[in-house]
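Written out below as structure tokens is the structure these notes cover.
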Amino acid sequence: MRFNSYAAKVLVKRVLLIIGGGIAAYKCLDLIRRLRERDLAVRVVLTKAAQEFVTPLSVSALTNDRVFTDLFDLDDEREIGHIRLSREADLIVVAPATADLLARMANGIANDLATAVILAADKPVLAAPAMNPRMWLNPATQRNVARLAGDGIHFIGPNEGEMAERGEAGPGRMAEVPELVSAIEKLLSSKLSAGRLPLSGRHVLVTSGPTHEPIDPVRYIANRSSGKQGHAIAAAAAKLGARVTLIAGPVALADPVGVTVHHIETAEEMLEAVKEALPADIAILAAAVADWRIDAPAAGKIKKGAKASPPSLALTENPDILKTIAARNAHRPALVIGFAAETESVVEQATAKRRAKGADWIVANDVSPAAGVFGGDRNTVHLITGGGAETWPQMTKAEVAERLVMRAAEHLAKTQISV
Ligand code: C5P
């Protein structure tokens, strides 16, 4: 399907892929094939630096369309300007989004075709950063990413792992092609991708997943939280236009699209990350934080001695993140929402917990094994507010998330509080 054919204009979703100059550019060739397999039309802009990694000829063979480069021939009657390029797309994907591209995007610089197209865009933009870990972690890059996320740019990745440079590892690998494809499909299917959304301009902070509390360098205490509910909440808030920071414990889930994710392991790390992410308009603390940690984790692996009796573990209480955040005067989010996972007297215990923790709302659910909530995709919850308890019908965790963030958005709109 050619990008500019009649069918493409009317029926087919169109992706404008801006390929930046990084080693990960080679993944874009496979990305184009996977998108075309899904009947998406793909048009490509190559930056000057990208042409050092992939050639216009190979890209053009895959898109079955002309490839647009920085080298414009303004006399060419087939010329298509940057305004048309962005207008004719449903979604703009920047991959790999290099540190330099992100910096220019964050500052509204339009000194080549790629950045001019992005600046002129009235469509959602998805950026897949890829760079050396030190460049990614540099405060300048983090500042640019935060600013772009605030402007509504969606992000996927970067992932952690080995870099192309020998001996380099850390956050900076471009998201893999299947992750990119699923993020692109989600954004294309989102009806809420343009215009002002209920949570536009708001910052939503979410915690999700379990925490791991080390016993020694190889063992830890954990719990059965999958993170599915918390991650779904982060994704739903992003879909409603919020800038979302997700503090995630160890989970087997992909980072939600368009969300800034900080990965932590322990409760203490989670508290630090939460404090650093403030201020926020809404805090939704869905993580199953371990109540206790090992008092003094062993520096080396505890050995199974032939004669020695099994070790006993002395525990100490972890900080209560919800209580700490709800009690703060400085930077207390306007709406603090906690979760209560109970196995009996769910509503009664959650109502008491709302008061004890100082939360505005508590989302309570029955996690007795029969309910199948841990790791499952469905949830039956009760929303406890100052006005009492409401029981929601059983629905998927994604639906619970959508309903909860919509309620939170409405609540904020009524109280008109913004950070
Ligand atoms: O006390 P309980 O663990 O049942 O409370 C659950 C709520 O409190 C959840 O929102 C959870 O994220 C939060 N919590 C916390 N820090 C803890 C324990 C729980 O933020 N140490």
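The values are calculated or read from the model by the stated rules, or taken from the named source; none is laboratory data. Remember, it's a predicted structure, so these values are computed and weren't measured experimentally. Ideal geometry is used to build each Cβ from the backbone, glycine not excepted, and the neighbour counts take in all protein chains shown.
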Exercise for the section: Considering only the range 301-419, give the helices (runs of 4 or more DSSP H) lying wholly within it that have at least 3 residues that are in contact (Cβ under 8 Å) with a residue 40 or more places away in the chain. Expected result: 321-327, 397-415
Exercise for the section: Check Ile321, Ile294, Ile325, Ile302 and return the single one that is more than 30 Å from Ile384 (Cα to Cα) and either assigned by TED's automatic domain parsing to the domain that holds Glu410 or touching a Ser or Thr at 6+ places or on another chain (Cβ under 8 Å) (or both). Expected result: Ile294
Practice task
Mind listing just one residue for me: the one in the range 349-365 that is basic (Lys, Arg) and near the ligand (Cβ under 9 Å from one of its atoms) and, of those, nearest to Ile384 (Cα to Cα)?
Solution key: Lys353
Problem - Residue pairs meeting the criteria (Cβ under 8 Å; at least 6 apart or on separate chains; first within 9 Å of Ile247 (Cβ to Cβ) and outside the structural domain of Pro124 (by TED's automatic domain parsing), in the range 258-275; second in a loop (DSSP other than H, G, I, E, B) and among the hydrophobic types (A, V, I, L, M, F, W, C)) - result: Met270/Ile264; Met270/Ala287; Met270/Val289; Ala273/Ile264
Practice task
Among what's in the range 274-292 and is in a strand (DSSP E or B) and buried (at least 23 other Cβ atoms within 10 Å of the Cβ), pick the residue that is nearest to the ligand (Cβ to nearest atom).
Solution key: Leu285
Fill in the blank from the handout: Here the residues within the range 366-393 that are within 11 Å of the ligand (Cβ to nearest atom) and under 25 Å from Thr415 (Cβ atoms) are none
Exercise for the section: Report yes if Glu402 is farther than 17 Å from Ala287 by Cβ and of a type outside the set (A, V, I, L, M, F, W, C), otherwise no. Expected result: yes
Fill in the blank from the handout: Reported set for the range 9-39 where residues are surrounded by 20 or more Cβ atoms within 10 Å (Cβ to Cβ) and at pLDDT below 60 is none
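Listed here are the residues, each with its yes/no results for (1) assigned by TED's automatic domain parsing to the domain that holds Lys27; (2) within 22 Å of Met131 (Cα to Cα); (3) touching a residue at least 40 places away in the same chain (Cβ under 8 Å).
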residue: Leu180; (1), (2), (3): yes, yes, yes
residue: Glu185; (1), (2), (3): yes, no, yes
residue: Ile215; (1), (2), (3): no, no, yes
residue: Ser226; (1), (2), (3): no, no, yes
residue: Ala232; (1), (2), (3): no, no, yes
residue: Gly241; (1), (2), (3): no, no, yes
residue: Pro256; (1), (2), (3): no, yes, no
